[in-house]
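Single-structure report; data block below.
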Amino acid sequence: MRRYETTVIVDPDISDDKRNQLSERTKDLIASQGGLFVNADEWGNRKLAYEIKKKPRGYYVCLDFCGTGKVVDEIERNFRIDDKVMKFMTILIDKDVNIDAVKEEMAKAETERVEAAKAEAEKAEAAKAETEKAEAAKAETEKAEAAKTETEKAKKEQAAEKQAAALEAATVSADETSSEETVSDTAETETAEESQTDDIKDGE
């Protein structure tokens, strides 16, 4: 059995679902012809060296598989009649491939993919936890600042109340003192008048 690599340029304007359907159909075709599908490496949208079907860009997919020349012929026949496929090219990688070795390679690649996905998920969780921690710390700081501001406001209000009370007390005291002085002045005036009256009587 041989190992091949087929690079396919797909219409960049089709949906992801249609592109996935094309890939799945190709996988099934390889399996139905006794081949082994190894991997599909999606390179994504890229600018073309020249326009194909009046399109300046294409979506590149590289298919890695094992099989006979019959598998290649059937794949390319399907690509020719599929209007979603703009261009394709197949190259021979290995004339006599060890299928068991390829399967081990696939298993290793899958394990690495799973571990990478797990590491990425853990990284995302750690980043999320760190963000939540930072937000919690920020909220706590804001809460403490708000409490501090409220305490300072309460102290200022208490100080203002004390100052107002002291001013009021001083005003009342001043009013009482002024009243007492007025009463005293009135009494002295009355005493003086009485004394003058007595003097006048004595003179008569």
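Numerical summary
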| item | result |
| --- | --- |
| Given charges at Cβ of Lys, Arg, Asp, Glu: region 1-93 dipole, positive-most of Pro56, Cys66, Ser23 | Pro56 |
| Whole-Hz ³J(HN,Hα) from phi, Karplus 6.51 cos²θ - 1.76 cosθ + 1.60, for region 21-27, glycine and proline x | 4, 4, 5, 5, 5, 5, 4 |
| Karplus-derived 3J(HN,Hα), 6.51/-1.76/1.60, for each residue of region 104-116, Hz, glycine and proline x | 5, 4, 5, 5, 5, 5, 5, 4, 5, 5, 5, 5, 5 |
| Number of Lys pairs (Cα under 15 Å; 8 or more positions apart or on different chains) in region 2-96 | 12 |
| Contact order relative to length of region 2-96, as percent, for alpha carbon pairs under 8 angstrom and 6 or more apart | 49 |
| Neighbourhood charge, 13 Å Cβ-Cβ cut-off, centred on Lys148 and excluding it, Lys, Arg +1 and Asp, Glu -1 | -1 |
| Gyration tensor (alpha-carbon) shape descriptor, region 36-139, a/c threshold 1.5 | oblate |
| Contact order normalised by residue count of region 39-175, Cα under 8 Å, 6+ apart, percent | 13 |
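Only the coordinates and a few stated rules stand behind these numbers; no lab work does. The structure presented is a predicted model; accordingly, all values stated were derived computationally and were not measured. Please note: Cβ atoms are built from the backbone with ideal geometry, for glycine as well, and neighbour counts cover all protein chains shown.
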